[in-house]
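Participant: One structure follows; several queries about it will come next.
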Amino acid sequence: MNTLSYKTVSANKATANKEWVVVDAEGQPLGRLASKVAKILRGKHKTNFTPHADCGDNVIVLNAGKVTLSGNKWADKTYIWHTGYPGGQKSMTALELQKKDSLKVLEKSVKGMLPKNKLGSVLFKNLYLYEGTEHKHEAQTPKVININEFK
């Protein structure tokens, strides 16, 4: 039996087939959209997925500030951080964060679904969020995908 006939192929930076995709976030639920975007960024939808390499696509999200939250989550969902000083715990509701910077809600949600290491930082740089329907990446010829039909 030829044991060299079945080798596991690992993707790396040189062999990864990275594409550009455009997603419209208007009216999409925050968590469902963020999990699908994180899956595309990570490359888990590809057949040559490799856990330790950046083999995902670059994602452009249009209308990123127009995501929805169900129920009372705009008032109840809180984002908590600590300044590092005694008594420095601060918090902000989702509505307050959206009024301050409408892109931060989706940004924090996607970042929380990526790995918490150097690879996660590299993958997060492949995410581009825009408030409106215009973006500056036409030269990359991104393909538009319907996130609702994405598995």
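Participant: Would you be able to tell me the number of residues in the stretch 36-72 that are more than 30 Å from M92 (Cα to Cα) and open to solvent by 60 Å² or more (accessible area, probe 1.4 Å)? Step through it out loud before you land on a result.
Facilitator: Applying the first criterion (more than 30 Å from M92 (Cα to Cα)) to the stretch 36-72 yields 43-57.
Filter once more, keeping what is open to solvent by 60 Å² or more (accessible area, probe 1.4 Å): 44-45, 47, 49, 51-52.
So the answer is 6.
Participant: Another one. Please state which of the following conditions G87 fails to meet, knowing it meets all the rest: (1) surrounded by 12 or more Cβ atoms within 10 Å (Cβ to Cβ); (2) assigned to a loop (DSSP other than H, G, I, E, B).
Facilitator: (1)
Participant: Looking at (1) under 15 Å from the mean Cα position of the chain (by Cα); (2) assigned to a loop (DSSP other than H, G, I, E, B); (3) not β-branched (V, I, T), which is the one condition that is false for F49?
Facilitator: (1)
Participant: Then there's this: Can you confirm whether A34 is within 15 Å of the chain's Cα centre (by Cα) and either over 13 Å from L127 (Cα atoms) or hydrophobic (A, V, I, L, M, F, W, C) (or both)? Don't jump to the end; show me each part of the working.
Facilitator: On the way: within 15 Å of the chain's Cα centre (by Cα): yes; either over 13 Å from L127 (Cα atoms) or hydrophobic (A, V, I, L, M, F, W, C) (or both): yes.
Here the answer is yes, as A34 does meet what is asked.
Yes or no, residue by residue, for (1) of a type in the set (F, W, Y); (2) open to solvent by 70 Å² or more (accessible area, probe 1.4 Å):
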site: W74; (1), (2): yes, no
site: S91; (1), (2): no, yes
site: A94; (1), (2): no, no
site: G112; (1), (2): no, no
site: N117; (1), (2): no, yes
site: L127; (1), (2): no, no
site: Y130; (1), (2): yes, no
site: K136; (1), (2): no, yes
site: E149; (1), (2): no, yes
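Participant: Here is a follow-up. (1) under 23 Å from Y130 (Cα atoms); (2) open to solvent by 40 Å² or more (accessible area, probe 1.4 Å): which one isn't true of I80, the others all being true?
Facilitator: Unmet condition: (1).
The values are calculated or read from the model by the stated rules, or taken from the named source; none is laboratory data. All values derive from a computational prediction rather than experimental measurement. All Cβ positions, glycine included, derive from the backbone under ideal geometry; neighbour counts span all protein chains shown. Each accessible area value is taken on the protein alone, full model and side chains, heavy atoms only, with ligands, DNA and RNA left out. Shrake-Rupley method; radii C 1.70, N 1.55, O 1.52, S 1.80 Å.
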